[in-house]
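Please treat every number below as a calculation from the coordinates, not as lab data. These numbers were taken from a predicted model, which means no experiment stands behind them. Every residue, glycine among them, receives a Cβ derived from its backbone with ideal geometry; neighbour counts consider all protein chains shown.
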Amino acid sequence: MKDLTDISIWKQNLGLLPIHLNPAEDNTNYVMLNGGYGDFCLQTINDNSDIDSYFSKSWSSNTKNFLVLDNDNINIYNWSKSKPEPIPKELVLNNFDKFYSYLLSKSFKSSKDVVPYIIDIFRQFRNLTQERTKPVEALNLLFLLLSSLEDDVNNFDFGKWNINNTVIPTNFDFYTDNIRTGVSNIKPELDLIIRHSAGTLFQEAQKEVLFFNPQRDLFGGVSNSLETKKELYSSIHYTPPFLSRTIVENALNQLDLTTESIKILDPSCGSSEFLIEALKQLKQLNYNGDIQIIGWDTSETAINTSNFLLSYEKRTIWKEKLNFKIELVEDSLKEEWEDNYDLILMNPPFVSWELLKNNDSKDAIRQVLGPNFNGKPNQASAFFYKSVTHLNENGVIGCVIPSSFLSLDSYKKLRNDIYDNIEIRLLGKLGNFVFEDALTDVSIIIGQKPKTNQVPTLLWTRNEKGIAQNALRDLRKLIYSNESTINNPDYSIYKPTTFPILNENWNPISLKNNNLFKTIERFIFEKKLIRTEDVFSIRLGIRQGAKDVFKLSIEEYNSLPENEKKYFRPVIDNKAINKGSLSLNNYIWFPYDKNGMLFSSEEELIEKAPIFYNSNLKPKEEILKKRASISYWWGLTRPGNWQFEKSQKLISKEFGGIDSFALDKEGSFVVERGNVWIPKKDFNQENYYFYLALFSSSFYNSLLSIYSKQLAGGDWYILGKKHTKDIPIPNAHSVEVQESIGYSKLVEIGKEISIGNSSVKQIADEVLTKYFYPINS
């Protein structure tokens, strides 16, 4: 039987990171960390502590449960319950996953947890100090209050705690008495509170207060009611603990810990979530050398929080082994970086070029990227590149990065330069549900110098809420067990044969799709398939250049006289395509024929379309004339001359999946919000149906997931030229294809799809994998 007192058994089976509850002592008490939800405390050898001690430690460390191994049982002490619950060890050993699921069911969050409890007090302090955007004084009061658990505030040493001198309110005893009492008489433990709640507190401190409520209650307290907002493009997006923990853990795995000293930089440190996490893990790894920490940020509250936390770490754990310098800066990219950092950890600001506040910030990016500057780069790309170029010869970087950096063509040159300089060890695409305050598509990179030409471990996750955290826990399991591959329907972890997988695109794909990719790329080499761009010219639909001017509802169109209706065409917008068939929802002004604009003068326009001119065009004349690059102010901005004549065409939405294609058989529709797939060689009727069946199949969804860019919310992809041009497809002009049984079957399936019969799509998958994509052969 496995020995549950061996902490490695828990690591391997649950994928949690064990950290000693008291790092200053080598004992048997751990906090098993995942990232907030699902964390618990564990005592591997029963020291017969009283129940209040277990409750105090689990509550203060922001967990619900304290597990104590005792003879044949594991006793679960849940601070929200009055009695422990014994679980036979044998049950746990036989099914760790089931046991962990049971613990999760008992780990629900509540308003009595330590984090909401502290945030509640902090919000009261904000009502006291009335600081709208930078709650420096409110934070000082909170740090002072926490410190009162150890020191007397009436004889307080502000230098010892690295807190700015602050005026103590007259009713501060109310708060000190309150925090010493704790929740349900659970005694708070300062050390655990500081180590496990600071990050979430900083997130709260970044919120701008819109309305205060300084109303006092009968007991001397102040209301905790505030109305706040969070600026989505502030200095950083708060790094959730499960993410910072994984990045630090995997970065330290690459670092040489036999050295006498380590120099660490976080150029956008926030509340030092990464830096504190690195100190925790270095202590757990028994690192005995000196540590030098440098941190920069643009937020004063972030700097104050960092100084408070790092001072505590230095005084209580590291002593003279730790030196740190945390500085308030205008822009970290403008600072002088040294070239000898052993470890750089960061979640850089994810600010797009358009949202950068001033030209100085843009100039800083230009200077950092140099010849790799292209287009309108996100600020994060410059942080990442500068970090790579300032590592020492054996340095390691662990970084959060926008996923756009991995795939956009504008970053291609920059990616190639970086790939020539560092070895990428881990590359993970986590999707849009990582940051609490923004739907930013997030990836992580662990890199190391020098370059040794090894392929990285890739982590791919399905872009849905909750999956990233489970995937990172399984990554930890994989590392602990010294395995190489995890293939889960929701996420994959593996080493590809080559990297990058798709030309110069770094985007990770699932293991299943990686195997599919290798097979179908072989079919390209064997000329059994060709690229989409060799068959179709894919063009964006028209652009009006003005909203709600040129489109009419069916009712508005029907009210026009017959002689004006001929200047309108049914329009393809987001609602017009549904599971392969078209529906008529709106009409659009389209005064064009094969020779172009039908009205050469405004007088002619008034004569032939007076109703629409007076009701829609004339009232918006000034707006329409301000549009750039127009020949006639009453025309569309980009009408698309390839739509001037009516012709049969295959169309798609701009964004979507396999239900987003349709066939306009009469060619009467004008495509607005979508793409037109124009054959480069003449198509017969059957060719259109053939490709409609292909593009509407579930199999094509797999191709999109490899070659296109996925959007938040499931199987949604960009369907434009840039993201579909490389997809391998059968060549319908080929005699071999046209004479195959698969061709005729797909033609019939396409006909059914075009009239709304989507039930045949499953048959399309079977035909495609049998005749054109024989992936199992």
Quiz item: So who's got an amide H within less than 5 Å of the one on LEU459, skipping anything under 5 residues away but keeping other chains? H placed 1.01 Å off N, in plane.
Solution: LEU427, GLY428, LYS429
Quiz item: By how many degrees, between 0 and 90 and to the nearest 10, does the Cα long axis of helix 412-421 differ from the longest principal axis of the chain?
Solution: 40 degrees
Exercise. Tell me what the chain gives for mean residue ellipticity at 222 nm when only DSSP H runs of n ≥ 4 count, each as -39,500 (n - 2.57), the sum divided by the residue total, rounded to 500 deg cm²/dmol.
Key: -10000 deg cm²/dmol
Quiz item: With axes computed from alpha carbons, what is the tilt in degrees of helix 241-254 against the longest principal axis of the chain, rounded to the nearest 10 within 0 to 90?
Solution: 80 degrees
Self-check item: For TRP296, residues with placed amide H under 5 Å, excluding near neighbours
Solution: ASP266, SER268, CYS269, GLU327
Practice problem: Would you kindly calculate the translational diffusion coefficient of the chain, applying Stokes-Einstein with the Kirkwood radius from alpha carbon pairs, for 25 °C and a viscosity of 0.890 mPa s, and quote it in µm² s⁻¹ without decimals? | Solution: 82 µm²/s
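Take every Cα pair under 8 Å in the stretch 7-105 that's 6+ residues apart, average their separations, divide by the length, and report that relative contact order as a whole percent.
Relative contact order here is 19 percent.
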Quiz item: Regarding the stretch 539-673, what are the three Cα extents along the principal axes, ordered largest first, in Å?
Solution: 45, 32, 26
Exercise. Amide H neighbours of GLY674 under 5 Å, at least 5 residues apart or on other chains, H built in the peptide plane: list them.
Key: GLY541, GLU654
Exercise. Please turn the phi angles of the stretch 41-57 into ³J(HN,Hα) values with the Karplus equation 6.51 cos²θ - 1.76 cosθ + 1.60 (θ = phi - 60°), one per residue in order, whole Hz, x for glycine and proline.
Key: 8, 9, 10, 7, 10, 5, 9, 6, 5, 7, 4, 4, 5, 5, 4, 4, 5
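In whole percent, what relative contact order does the chain give with Cα contacts below 8 Å and a gap of six or more residues? Let's see the in-between values first.
Numbers: 1452 pairs, mean separation 65.2, N = 777.
Worked out over the chain, it gives 8 percent.
Over 24 Å between Cα atoms, which of LYS495/LYS725; LYS429/LYS722; LYS551/LYS608 qualify?
Numbers: LYS495/LYS725 26 Å; LYS429/LYS722 20 Å; LYS551/LYS608 18 Å.
Cα-Cα > 24 Å for LYS495/LYS725; rest within.
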Quiz item: Across the stretch 1-101, how large is the tail of the calculated P(r) beyond 21 Å, expressed as a percent of all Cα pairs?
Solution: 26 percent
Exercise. Would you work out the charge dipole size for the stretch 536-772 about its Cα centre, treating the Cβ of every Lys and Arg as +1 and the Cβ of every Asp and Glu as -1, and quote it to the nearest 20 debye?
Key: 660 debye
Exercise. Work the Kirkwood hydrodynamic radius out for the stretch 440-495: mean of 1/r over every pair of different alpha-carbon atoms, inverted, in Å.
Key: 12.4 Å
Exercise. Could you tell me which of ILE538, VAL455, PHE499 has its Cα farthest along the dipole of the stretch 401-552 towards the positive end, charges placed at Cβ (Lys, Arg +1; Asp, Glu -1), taken about the Cα centre?
Key: ILE538
Quiz item: Applying the Karplus parametrisation 6.51 cos²θ - 1.76 cosθ + 1.60 with θ = phi - 60° to the phi angles of the stretch 484-500, what ³J(HN,Hα) value in whole Hz is obtained for each residue in order, glycine and proline being reported as x?
Solution: 10, 9, 10, 10, 10, x, 9, 7, 10, 9, 6, 9, x, 5, 9, 8, x
Self-check item: Nearest-20 debye value, the chain charge dipole, Cβ charges on Lys, Arg, Asp, Glu
Solution: 2120 debye
Quiz item: Of LEU139, THR440, ASN514, whose Cα points farthest to the positive end of the dipole of the chain (charges on the beta-carbon: +1 Lys, Arg; -1 Asp, Glu; origin at the Cα centre)?
Solution: ASN514
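For the stretch 536-772, what is one quarter of the convex hull surface built on the Cα atoms, given in nm²? Could you put the intermediate results ahead of the total?
Working: hull surface 55.1 nm².
Its Cα hull, projected and averaged over all orientations, spans 13.8 nm².
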Practice problem: Relative to the compact-globule scaling 2.2 N^0.38 Å, provide the ratio for the alpha-carbon radius of gyration of the stretch 135-201. | Solution: 1.08
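What size of dipole, in debye to the nearest 20, comes out for the stretch 321-424 about its Cα centre when the only charges are +1 on Lys and Arg C-beta atoms and -1 on Asp and Glu C-beta atoms?
Working: 11 positive and 16 negative charges, 73 e Å.
Dipole of the stretch 321-424, to the nearest 20 debye: 360 debye.
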Quiz item: For the stretch 679-777, taking Cα atoms only, what is the radius of gyration to one decimal and the Dmax to the nearest whole Å?
Solution: 13.5, 40
Quiz item: To the nearest 10 degrees, how steeply does helix 273-284 sit against the main Cα axis of the chain, on a 0 to 90 scale?
Solution: 50 degrees
Quiz item: Taking every DSSP beta bridge that has both residues in the chain, what percent is antiparallel when rounded to the nearest 5?
Solution: 70 percent
Quiz item: Residue-wise, which Karplus ³J(HN,Hα) couplings in Hz belong to the stretch 756-765, taking 6.51 cos²θ - 1.76 cosθ + 1.60, θ = phi - 60°, and x for glycine or proline?
Solution: x, 8, 7, 5, 7, 4, 4, 5, 4, 4
Quiz item: Among ALA764, GLY667, TYR632, which residue has its Cα positioned farthest towards the positive end of the charge dipole of the stretch 536-772, with +1 placed on the Cβ of Lys and Arg, -1 on the Cβ of Asp and Glu, and the dipole taken about the Cα centre?
Solution: TYR632
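Exceeding 22 Å between C-alpha atoms, which entries from my cross-link table qualify? They are LYS646/LYS709; LYS626/LYS709; LYS575/LYS626; LYS2/LYS98; LYS109/LYS283; LYS362/LYS412. Don't skip to the answer; put the middle values down first.
Details: LYS646/LYS709 31 Å; LYS626/LYS709 34 Å; LYS575/LYS626 29 Å; LYS2/LYS98 17 Å; LYS109/LYS283 29 Å; LYS362/LYS412 20 Å.
Listed pairs above 22 Å: LYS646/LYS709; LYS626/LYS709; LYS575/LYS626; LYS109/LYS283.
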